[in-house]
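Take a look at the structure set out below.
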Amino acid sequence: MISALILATGLGACADAPAAPETAFLPVYQGIDTRLLDGDLVNFIVEMRGARGPADVEDYAECAAAQYALIRGYGFARHLRTNVAQEGGLWRGDAVYTISAALPRGLKTIDAEVVALACAENGIPMV
């Protein structure tokens, strides 16, 4: 009974504890470098500060790929790889995508129009 009382008291204290303040996400997007590698194969180098982690950098590169595909008159892109590195607060992404008019084969495909709209809604710059 004493252990149940201690457990109940401990759980009650957790419920009343204020939530930890959330750190504001204030990214600074510092540019996109686009390189056509071969036909439909495109390399995107993105740089940003204030990323919460690699996923933010990957999102930035995906937005670049989506807009690039649309600019070229294509509707789709397929993610091949993204390497992310961080040094001194600067995050850099090196991503490679293929772009195509038809939905490409593979698991990591994106509908360029849908992704570009989401990027615009989330304030992520594009090419």
Filter the stretch 99-127 for residues that are part of a helix (DSSP H, G or I) and loosely packed, with under 11 Cβ neighbours inside 10 Å and give the result.
-> E121
Cβ pairs under 8 Å, 6+ apart or interchain, first in the stretch 23-34 and closer than 15 Å to G53 by Cβ, second part of a strand (DSSP E or B), ordered by first then second residue, are P27/M48; P27/R49
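Select, from A24, A65, A51, the only residue that is assigned to a helix (DSSP H, G or I) and not hydroxyl-bearing (S, T, Y).
Values: A24 fails: assigned to a helix (DSSP H, G or I); A51 fails: assigned to a helix (DSSP H, G or I).
Just a single option satisfies the conditions, and that option is A65.
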Might you let me know whether the stretch 15-29 holds any residue that is at pLDDT below 55 and of a type outside the set (V, I, T)?
-> yes
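The values are calculated or read from the model by the stated rules, or taken from the named source; none is laboratory data. Worth saying up front: this structure is predicted, and the values here are computed from it rather than measured. Cβ atoms come from the backbone with ideal geometry, glycine included; neighbour counts cover every protein chain shown.
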